[in-house]
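Below is one structure; the comments refer to it alone.
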Amino acid sequence: MLFRRPDDDHLYEALVARDAALDGFVYAGVTTTGVFCRLTCPARKPKREHVVFYDTVAQCFEAGLRPCKRCRPLAAAGAADPLVEDLLARLDARPERRWYEADIVRLGHDPSTVRRAFNRRFGISFLEMARLRRVGLAVETLSGGASVIEAQQEAGFASGSGFRDAVTRLLGEAPAGMRGRPLLRADWIETPIGTMVAIADDHALHILEFLERTALPAEIRKLRKATGSAIALGRSAPIEQIAAELDAYFTGRSARFETRLAGHGTPFERDVWRVLRAIPPGETRSYTGIAHALDRPDAARAAARANGTNQIAIVIPCHRVLSADGSLTGYGGGLWRKRWLLEHEKLKFSRTGASHEPE
């Protein structure tokens, strides 16, 4: 949790009162009905002994609960927060600006509220995001061949040592090492089941993962080493395209993904990923079935390993692979997300005949 949670008795009082102050921070699971709700849910309130409180949507799913149809807690998790949207718009308008808590106060916002809102949605505070945006501008300047001092000044860093420390923490190396190097862009994409991170160059998508995936930092380090590129916050054309395609996917309008993907992986891994992309939404396969599709019936374990190395979530649908007995098996984004994606596709796409394979 990103704040000190009240005890369960106080949370139950908040549930009964439909108190919006903690809405989105805590979820109420109802053991008698098997659903979980927002604290502001308008449904009839269960007895205290039938309520268990959870910090995240993930915990609710892992407890075997399903989202309430009255208060729609998943939709609430992905809903736009006016406070967040206002500050993001200001940051987009002037990404080079240095932000302080006093600036937030002058806008009429409580800094602790802003901090919680941004941490809940992005995993970092607004001030940290603003700092990273300024570092990203600096990296872009460095990748164009500018000197370190020019990049430092453009990013608004008064201290040379502070600038070097900031870039090093973000990129894993000193600013001088960024000069003249190719540039990758990284940005967040909001979805109903959590924030995703997209990394792309000007031509293709390299990474699309859920923010909580434990392997993400290692994937970024591997990508940086393989491409020799610097990574800065911002959007390129492939990120804009995949964001639009994900929106169509989550709203049930289309399961078609045409964003160009970078050619990472071994030849065998790419063959496995090609077979995965051919699985229609609403259907599943086993690792043995993947191996047979490759005419390599003895390669089920190798197919499972290739499935696990996939770093383009949803587009390369490794969530459509189950164990031989039909049960859910490991998924980097969490088993609750895998269950959600399979149910979403079965509901939205398996009967509509939606086109899913790239041309």
(message) Only one of L322, L341, L294, L328 is surrounded by 21 or more Cβ atoms within 10 Å (Cβ to Cβ) and of a type in the set (A, V, I, L, M, F, W, C). Can you tell me which?
(response) L341
(request) Spot the failing condition for G289; the list is (1) within 23 Å of S323 (Cβ to Cβ); (2) of a type in the set (G, A, S); (3) in contact with a helix residue (DSSP H, G or I) (Cβ under 8 Å, 6 or more places away or on another chain), and only one is missed. (result) (3)
(message) Quick check on my filter: what residues within the stretch 239-287 are aromatic (F, W, Y) and buried (at least 16 other Cβ atoms within 10 Å of the Cβ)?
(response) Y249, F250, F257, W273, Y287
(message) With the requirement that a residue be out of contact with any strand residue (DSSP E or B) (no Cβ under 8 Å at 6 or more places or on another chain) and closer than 20 Å to I193 by Cβ, what does the stretch 23-57 give you?
(response) D23, G24, F25
(request) Filter the helices (runs of 4 or more DSSP H) completely within the stretch 49-141 down to those with at least 3 residues that are at pLDDT 80 or above and under 19 Å from R235 (Cα atoms). (result) 82-93
(request) Would you check which residues across the stretch 188-247 are assigned to a strand (DSSP E or B), at pLDDT 85 or above, under 20 Å from P95 (Cα atoms) and β-branched (V, I, T) and list them? (result) I189, V197, I199
(message) Which residue is nearest to T309 (Cα to Cα), if the candidates are limited to the stretch 224-266 and must be aliphatic (A, V, I, L, M) and free of Cβ contacts under 8 Å to residues at least 40 places away in the same chain?
(response) A226
(request) Determine which single condition A43 fails, assuming it passes every other condition in (1) among the small types (G, A, S); (2) part of a loop (DSSP other than H, G, I, E, B); (3) modelled with pLDDT under 80. (result) (3)
(request) Return only the number of the condition from (1) more than 20 Å from the chain's Cα centre (by Cα); (2) of a type in the set (A, V, I, L, M, F, W, C); (3) assigned to a loop (DSSP other than H, G, I, E, B) that F257 does not satisfy. (result) (1)
(message) Just to be sure I understand, how many residues within the stretch 200-222 are hydrophobic (A, V, I, L, M, F, W, C) and crowded, with 19+ Cβ neighbours inside 10 Å?
(response) 6
(request) Sort through R296, R285, R320 and tell me the only one that's within 26 Å of I189 (Cα to Cα) and of a type in the set (D, E, K, R). (result) R320
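Quick grid of which residues meet (1) part of a loop (DSSP other than H, G, I, E, B); (2) at pLDDT 95 or above:
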residue	(1), (2)
E283	yes, no
A291	no, no
D295	yes, no
A304	no, no
I314	yes, yes
(message) Going residue by residue through the stretch 23-33, is there one that turns out to be within 28 Å of G334 (Cβ to Cβ), out of contact with any Ser or Thr (no Cβ under 8 Å at 6 or more places or on another chain), outside any loop (DSSP other than H, G, I, E, B) and at pLDDT below 85?
(response) no
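The values are calculated or read from the model by the stated rules, or taken from the named source; none is laboratory data. No experiment lies behind these values; they were computed from the predicted model shown. Neighbour counts run over all protein chains shown; Cβ positions are idealised from the backbone, glycine included.
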